1. Tell me, yes or no, whether the stretch 186-199 has at least one residue that is within 13 Å of the ligand (Cβ to nearest atom) and touching a helix residue (DSSP H, G or I) at 6+ places or on another chain (Cβ under 6 Å).
2. Name the residue that is surrounded by the fewest Cβ atoms within 10 Å (Cβ to Cβ), counting only residues in the stretch 226-245 that are small (Gly, Ala, Ser) and within 14 Å of the ligand (Cβ to nearest atom).
3. Could you list all residues from the stretch 71-128 that are assigned to a strand (DSSP E or B) and open to solvent by 10 Å² or more (accessible area, probe 1.4 Å)?
4. Restricting attention to the stretch 1-24, report how many residues are modelled with pLDDT under 85 and in a loop (DSSP other than H, G, I, E, B).
5. Looking at this structure, is residue 209 outside any helix (DSSP H, G or I) and more than 16 Å from the ligand (Cβ to nearest atom)?
6. Mind checking which residues of the stretch 185-206 are open to solvent by less than 100 Å² (accessible area, probe 1.4 Å) and part of a loop (DSSP other than H, G, I, E, B)?
7. Go through the stretch 280-291 residue by residue and tally those that are within 9 Å of the ligand (Cβ to nearest atom) and either in contact with a Lys or Arg (Cβ under 9 Å, 6 or more places away or on another chain) or part of a loop (DSSP other than H, G, I, E, B) (or both).
8. Tell me yes or no: at least one residue of the stretch 159-176 is of a type in the set (A, V, I, L, M, F, W, C), modelled with pLDDT under 95 and under 25 Å from residue 261 (Cα atoms).
Amino acid sequence: MSAQDILVLAEIQRDALADSTLELLAAARGLAKAGGGQVLALVFSPDGARHAPSLSAADRIIAVDDPQLTAYSPEPFLAALQEIIASEKPRAVLIGGTSIGWDLGPLLAARLGAPLVTGCKAIEADGDALRVTASFCGGKMLAEVRAKASPAILVALPGSFRPDGEAGKAVVEQRKPAAPLSAGAIAFDDWILPQAGDVDITQQDMLVAVGRGIQQKDNLELAEELAQTLGGAVCASRPVVDQGWLPPTRQVGKSGMTVKPKLYLALGISGAPEHQEGMKAADLIIAVNTDPKAPIFDIAHYGAEVDALDLLPALTAALQAKKG
Ligand SMILES: Cc1cc2nc3c(=O)[nH]c(=O)nc-3n(C[C@H](O)[C@H](O)[C@H](O)COP(=O)(O)OP(=O)(O)OC[C@H]3O[C@@H](n4cnc5c(N)ncnc54)[C@H](O)[C@@H]3O)c2cc1C
């Protein structure tokens, strides 16, 4: 335990570790190294050892077990976190910018009277303070701030830190809260999952994404054919979903899903900050747009200034011919 330690809240999403946790561990390693502290991963699980391989970038893994911690609910999560923070006294607590993180981070900071920075894109030690670059207005603006008191509660923007694959030799410390946790005013009942038969776009390697430039519902068929040829799925910007052409489970962006495919082919999507928020961590982004000034070209690895409706059938035919 050292006042320079960095605590990472590992998030379990329906039994699996969230990708954002690996990003947090990478950010935490840099910070801990700079201050001479350690990275502590905190996971709420009755079987911390099960998650140890994924959390091996931490120096220590603390697993806390209580029936109230099996699914997210603010009160028990806060109580368990507070207990660990009181005993470990970390310099900062890193939380992923997931639905849970955005809920929990501000509550935790308010409870502790601690500084809070959300939308963190970069974090570095600056003497006794932490210098944080944070995203504002859906990424239109950045702010540079310094968190001067400990522990700083930092909610990281997904996709901002690259998991570094470093592995430590963490041993899992399995604990129970000092007293059994109570449920609090909000009780978790059940997950509402995508309807059976629908595709989980967060798990796809190949995504064909369509925006308003697809122009009419019938043209979705062209995108479906290409997605099938690539072995992937179709997703969309918000206007396509708002018009009822695709279900909300296919929407990418701030108010939709965050995806990280190997390929994100953006067709007729302008690249508004709210859309970019959900897809900019894709390994390869190819943008197709008739407007050369479309912001999507700013983040695309490759771009084509062509009509998506001409390109779609031609690309599908070319790929199918190549497959034979
Ligand atoms: C609080 C909030 C949350 C939001 N959440 C989301 C979200 O989760 N996801 C999301 O996507 N948006 C979200 N938005 C909306 C966002 O601001 C944009 O309005 C939206 O992303 C625009 O979608 P688009 O790119 O499909 O449409 P447009 O911005 O209208 O762009 C269409 C693009 O298609 C191009 N085009 C037209 N015809 C063709 C053609 N034939 N071939 C090629 N290109 C063509 C045009 O040049 C244009 O660039 C949110 C907004 C707010 C305020």
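The values are calculated or read from the model by the stated rules, or taken from the named source; none is laboratory data. Quantities reported herein were computed from a predicted structural model and do not represent experimental measurements. Positions of Cβ are generated from backbone atoms using ideal geometry, with glycine treated the same way; all protein chains shown enter the neighbour counts. Ligands, DNA and RNA are excluded from the accessible area calculation, which covers all protein heavy atoms including side chains. Shrake-Rupley method; radii C 1.70, N 1.55, O 1.52, S 1.80 Å.
1. Kept after step one, since they are within 13 Å of the ligand (Cβ to nearest atom), are these residues of the stretch 186-199: none.
Checked the stretch 186-199: no residue is within 13 Å of the ligand (Cβ to nearest atom) and touching a helix residue (DSSP H, G or I) at 6+ places or on another chain (Cβ under 6 Å).
2. Initial filter on the stretch 226-245 (small (Gly, Ala, Ser)): 227, 231-233, 236-237, 244.
After this cut, where a residue has to be within 14 Å of the ligand (Cβ to nearest atom) as well, the list is 236-237.
Working: 236: 32, 237: 30.
For the stretch 226-245, the residue satisfying everything is 237.
3. First pass over the stretch 71-128, keeping only residues assigned to a strand (DSSP E or B): 92-96, 116-126.
Hits for the stretch 71-128 are 116, 117, 118, 121, 122, 123, 124, 125, 126.
4. 5
5. Working: outside any helix (DSSP H, G or I): yes; more than 16 Å from the ligand (Cβ to nearest atom): no.
Here the answer is no, as residue 209 does not meet what is asked.
6. Just the residues of the stretch 185-206 that are open to solvent by less than 100 Å² (accessible area, probe 1.4 Å), to begin with: 187-188, 193-194, 197-202, 204-206.
187, 188, 193, 194, 197, 198, 199, 200, 204, 205 - these are the residues of the stretch 185-206 that are open to solvent by less than 100 Å² (accessible area, probe 1.4 Å) and part of a loop (DSSP other than H, G, I, E, B).
7. Counting residues in the stretch 280-291 that are within 9 Å of the ligand (Cβ to nearest atom) and either in contact with a Lys or Arg (Cβ under 9 Å, 6 or more places away or on another chain) or part of a loop (DSSP other than H, G, I, E, B) (or both) gives 3.
8. So the first thing to find is which residues in the stretch 159-176 are of a type in the set (A, V, I, L, M, F, W, C), and the list is 161, 167, 170-172.
Adding the requirement that they be modelled with pLDDT under 95 leaves 161, 167, 170-172.
Checking the rest, the ones that are also under 25 Å from residue 261 (Cα atoms) come to 161, 167.
Checking the stretch 159-176: at least one residue is of a type in the set (A, V, I, L, M, F, W, C), modelled with pLDDT under 95 and under 25 Å from residue 261 (Cα atoms).
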